[in-house]
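Readers should treat all values here as calculations from the given coordinates under stated rules, not as data from a laboratory. The structure presented is a predicted model; accordingly, all values stated were derived computationally and were not measured. Positions of Cβ are backbone-derived with ideal geometry, glycine not excepted, and every protein chain shown enters the neighbour counts.
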Amino acid sequence: MKITSRFFIAFLIYVLCISCGLETYVYLNPVEIVSVTEVTRAEIVLPSQSAAEFRNYTIFYRIYLSSFLVSASVESQLSDINTTLASHYRTLAPYTIDDNVSPASIDSVFRNLRYYYISLNDNLNNEKQLYKVLNSPSWGTIKLDFSSRDRPPFLTDTNGSDEYDLLRANSFTSQPDRLFIYTTELESSISDTVNIDVQMNPNGQSYAYVSMYILATGINENYSPLYSRPKHIGIFRLPN
């Protein structure tokens with residue numbers, strides 16, 4: 001019995017040690033503070049990241065066509081805008097509000113709903129991936145602006161020193177127009193190869209809205225992707 005007991009204790013200690021080594025959890029700080037002005041502007045505070053595994057922030061988006069013009073609180077009118085938008089919002093809500101819901105698979109969750117990564121266009125008309133811009137662990141505050149009819153929607157920092165036009169994903173979207181502007185091109189050809197980032201509306205369409213989520217990403221010691229809890233930035237009307 002003594003040998004059996006000692007063996008059991010040694011085995012238990014071994015298992016605990018191995019388990020401790022395998023279950024090291026890396027926490028990436030989620031975005032918490034977003035200030036939205038109607039359906040045209042957002043100011044986003046990017047939290048500082050202390051984890052060495054942090055790599056960047058990224059934004060997922062999907063465009064929804066609609067026959068409805070939003071006049072007040074957007075979240076109370078999701079079904080009026082587009083019933084699929086309301087369904088997608090409910091699906092993603094648990095990931096945005098509950099730290100106990102694992103974000104490990106959030107990339108596949110977004111992709112299953114056909115959400116894609118935003119890209120950027122700089123002042124020299126050079127395309128940049130968003131993750132190559134928002135890659136500092138202490139980046140600060142950014143703004144999204146959909147309000148102007150004189151220029152496409154854009155991203156800037158609070159000082160306005162760097163401005164980038166927002167671009168839709170370079171795959172599956174109609175070319176060459178990838179700006180976040182409502183045109184007949186958005187509704188004229190939607191398939192599994194063109195405008196796949198756009199959701200039709202069975203009740204017709206006179207407007208287009210984009211729903212956006214932001215999250216921190218990283219890579220752990222085993223080169224597996226890490227994600228923070230996503231934050232819903234808001235729903236914005238595309239200018240035309």
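Just a few scattered comments:
- Cleavage-rule hits, chymotrypsin sites (Phe, Trp or Tyr not before Pro), the range 141-240, DSSP coil, Cβ neighbours within 10 Å at most 11: Tyr223
- Restricting the range 150-240 to GluC sites (Glu not before Pro) in coil, as DSSP defines it, with at most 10 other Cβ within 10 Å: Glu221
- Remark: the range 194-209, residue by residue, has Karplus-estimated 3J(HN,Hα) of 10, 6, 5, 8, 10, 9, 5, 10, x, 8, x, 8, 10, 9, 9, 10 Hz, where x stands for each Gly or Pro and the curve is 6.51 cos²θ - 1.76 cosθ + 1.60 at θ = phi - 60°.
- Estimated inter-spin distance, Ser206 and Thr193, nm [label 7 Å along Cα→Cβ]: 3.4 nm
- Amide H within-cut-off set for Asn220, under 5 Å, with H built and near neighbours excluded: Leu226
- Gain upon complete extension [Arg111, Asn222; 0.36 nm per residue less C-alpha separation]: 37.7 nm
- Distant-in-sequence amide contacts of Arg41, defined by a placed amide H-H separation under 5 Å and a gap of 5 or more residues or a different chain, comprise Phe146.
- Full extension of the chain segment joining Asp122 with Asn29 gains 30.7 nm, where the gain is 0.36 nm per residue of separation less the Cα-Cα distance.
- With each label modelled as a point 7 angstrom along the Cα→C-beta vector, the Tyr131-Arg151 pair spans 2.8 nm.
- In straight-distance terms, cross-link reach from Lys231 covers every one of the aspartates and glutamates whose alpha-carbon lies under 19 Å from its own, apart from those fewer than eight places away in the same chain; here that gives Glu32, Glu38, Glu43, Glu75, Asp98, Asp99, Asp107, Asp145, Asp157.
- Net charge dipole, the range 182-240: roughly 320 debye, given to the nearest 20, about the Cα centre with Cβ charges of +1 for Lys and Arg and -1 for Asp and Glu.
- Calculated P(r) of the range 97-239 - Cα pairs past 24 Å, %: 37 percent
- Put a dot 7 Å past the Cα of Ala169, heading toward its Cβ, do the same for Thr184, and the two dots end up 2.7 nm apart.
- Geometric extent, Cα atoms of the range 43-123 - Rg, Dmax (angstrom): 15.4, 46
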